[in-house]
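Any read-out appearing in this document is the output of simple, stated calculations on the displayed coordinates, not a laboratory observation. It should be emphasised that the depicted structure is a prediction, and the values quoted were computed from it without experimental measurement. Cβ coordinates were reconstructed from backbone atoms using ideal geometry, including for glycine residues, and neighbour counts include every protein chain displayed.
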Amino acid sequence: MIATPRRMSKQSAGPRRWLLALIAALSLATGATGQAATAIPQGALVEVDEATVKQILDVFHKAEAAVAVGNLDGVMALYATQYNYHGLKQVDVRKIWSDLFEEYRDISEAHFFSKIVKVGAGSNTILEVTCTGSLSGLSKTSGLRVPIDSWYEEVHYLTFEHGGWRIRGNVGDIPKVLPFGTAPHPLF
C-alpha cells in the first residue's frame, strides 16, 4: 500500500537511471509525439497517505494534459501564487512556457518521483517531491525532436493552495554562479 513508507535501495537506483536514459533516448530516436509519463517507481520512499499521492499525481496529469494541447493557463495552474525558483517568479515561468509553446509542438515529458515526504503541519505543510525527468519537443523551426529540459533528483516544494497542491519552488539556495554545464530547471 502506498501509505506505508517504502525505501529506495542503492541497487535499484542504477536500473532506474538506465530506464530514464532509455526512455529519453527512445523518445528522441523515434520521434515520439506528445507522450507523458508520471510514475512512482517501486522502491521509492513515500511517507504520505494514498490520497495525497493521488492528489500529487492528479496535479501532474493535469499539467501533462495542458502541455499536450499547449494550454498555457492549464500549465500555470501547477504553480503556486508565491512560486519562487532561484528568483524566477510565476510571471517568469509563464513567459518561458509561452515561448516554448511558440517554438515547439508535440511536447513529451517524463516525471519519476523517487521520494515524497511531508514537512510541517497544518497551513505550513510542505511536500518535498524528489523528481527525475525530462521534457522534449518537436521544433517548429527545424522539425527535429530536441531536448528542452532534464533534471535529476530535483526536489520540488509543493504547498496546498486553492484546494490543491501546487509547486512553490525547489530546494536549494540561489547559487551565486552556476557550475559549468548546469542550468536552472524551473519547468517541473
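Here the Karplus curve 6.51 cos²θ - 1.76 cosθ + 1.60, taken at θ = phi - 60°, turns the phi angles of segment 43-53 into couplings of x, 5, 8, 10, 10, 10, 6, 4, 5, 5, 4 Hz, with x standing for Gly and Pro. One Cα centroid belongs to segment 36-78, the other to segment 108-122; the line between them spans 9 Å. If R0 equals 22 Å, the separation of the Cβ atoms of Leu57 and Ala77 corresponds to a calculated FRET efficiency of about 0.90. Please compare each pair in Lys62/Lys118; Lys95/Lys118; Lys62/Lys115; Lys54/Lys140 to a cut-off of 24 Å on the Cα-Cα distance and tell me which ones are over it. Flagged as over cut-off: Lys95/Lys118; Lys54/Lys140.
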